[in-house]
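The structure appears right after this line, and notes come after that.
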Amino acid sequence: MSHQQDRSRPSGSSTALSEAYDTALLDLDGVVYAGGEAIGHAVESLTVARAGGMHLAYVTNNALRTPDAVAEHLTELGVPAEPSDVITSAQAVARLVADQLPPGARVLAIGGEGLRVALRERGLVPVESADDDPAAVAQGYGGPDMAWGRFAEASYAIRRGLPWFASNTDLTIPGARGIAPGNGAAVEVVRIATGAEPQVAGKPLPPMHRETVLRTGAKRPIVVGDRLDTDIEGAFNGGVDSLLVLTGVTDAAQLLAAPPQHRPTYVDRDLRGLLTGQPEVTPAGDAYRCGGWTAAVRGDGLVLEGEGEALDGLRALCAAAWSFAGSGVCGLETGKALAGLGL
């Protein structure tokens, strides 16, 4: 099943997504949990999907924790997981480094334990100082307590001409108290100091998709995420379908303004969307209808009429906005149309 050719409106599915796809490639932060606590309906939805035969794989750009630690955390939350079910951007960047360096090469590790474990898994030796004779620099999210001096250490090594690798470039990361700076913000610090550009492994880039396919063996995967510029674009780049859940960093207005590579196949409120079919969005003259809602472009804005499930109204608005934008970005006024949906 693929809807990759139509980026003008969200797709429908007559069967539950957990039955239509064999593997869910689930982002973690903002999808399964936030700040260490499970997001509403996540545990129950994943339990039902797994019981129905869907393989659950957890694909995260967060390079801080090891797969063992992530699996343990998921199990504590009520979602039993094995370390082999977890794929991290640390693993993807470690493979990228190992493809370019000989076995046993020393790598300056700027990040947390997840990065060090992944480098060792690939036969590389993580070191702590630019003076430890590293052959490359690998940078991953180090958490809120990572010392500022680590960025200086990376800068010293990169300015000496060493290749620089980054696990991912997400500028932000969701937490229990709100949105915090992510690894991309830390990468920018080093970029400013060095003028260099890293090789990046994480979503939405191909090394992460390659790592995921190698580790899961998925045949009919669906990417489930909360970020347009990583999860959804990563699915687009990998040629697979995607489900955007509105439990993380993406809001409805950002979704309506999405360019083609950021437009998900499906949209739902949370992970309960895996357990249901998805309603069709159908053309109705110069408008689009979903459920009890009809959306259209009028003048310089979107208008929405009708009533019913709020998500159906958003799906209809997506179709109107994306069709209007074509291969570009919808710049129409959307606030009035969205106001009545309560999203």
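Before moving on, here are some points about what is shown:
- Scanning the range 279-310 for residues that are assigned to a loop (DSSP other than H, G, I, E, B) and on the phi > 0 side of the Ramachandran plot yields G285, G291, G299, G308.
- Residue within the range 282-293 that is surrounded by 19 or more Cβ atoms within 10 Å (Cβ to Cβ), of a type in the set (K, R) and either in contact with a helix residue (DSSP H, G or I) (Cβ under 7 Å, 6 or more places away or on another chain) or over 20 Å from D27 (Cβ atoms) (or both) present: yes
- Checked against the criterion of being assigned by TED's automatic domain parsing to the domain that holds A34, surrounded by 15 or more Cβ atoms within 10 Å (Cβ to Cβ), among the hydrophobic types (A, V, I, L, M, F, W, C) and at pLDDT 95 or above, the range 60-67 has at least one qualifying residue.
- Scanning the range 158-192 for residues that are touching a helix residue (DSSP H, G or I) at 6+ places or on another chain (Cβ under 6 Å) and crowded, with 21+ Cβ neighbours inside 10 Å returns I158, W164, F165, A166, S167, N168, T169, D170, V190.
- Near pairs, Cβ below 6 angstrom, 6+ apart or cross-chain, from the range 137-154 (of a type in the set (D, E, K, R)) to any residue that is surrounded by fewer than 22 Cβ atoms within 10 Å (Cβ to Cβ) and modelled with pLDDT of 95 or more: E153/A130
- Listed conditions (1) out of contact with any strand residue (DSSP E or B) (no Cβ under 6 Å at 6 or more places or on another chain); (2) over 22 Å from V187 (Cβ atoms); (3) in the same structural domain as V32 (by TED's automatic domain parsing) are all met by D85, apart from (1).
- Strands (runs of 3 or more DSSP E) within the range 99-218 that include 1 or more residues over 23 Å from G234 (Cβ atoms) and at pLDDT below 95: 178-181
- Residue in the range 144-161 that is under 22 Å from E211 (Cβ atoms) and within 22 Å of the chain's Cα centre (by Cα) present: no
- If you go through the range 230-283 and keep only what is touching a residue at least 40 places away in the same chain (Cβ under 8 Å), within 15 Å of H209 (Cα to Cα) and among the charged types (D, E, K, R), you end up with D231, D241.
- For the criterion of being within 27 Å of A16 (Cβ to Cβ) and either surrounded by fewer than 24 Cβ atoms within 10 Å (Cβ to Cβ) or not basic (K, R) (or both), L302 fails.
The values are calculated or read from the model by the stated rules, or taken from the named source; none is laboratory data. Given the structure is predicted, the values throughout are model-derived calculations rather than measurements. For neighbour counting, all protein chains shown are included, and Cβ atoms are generated from backbone atoms with ideal geometry for every residue, glycine included.
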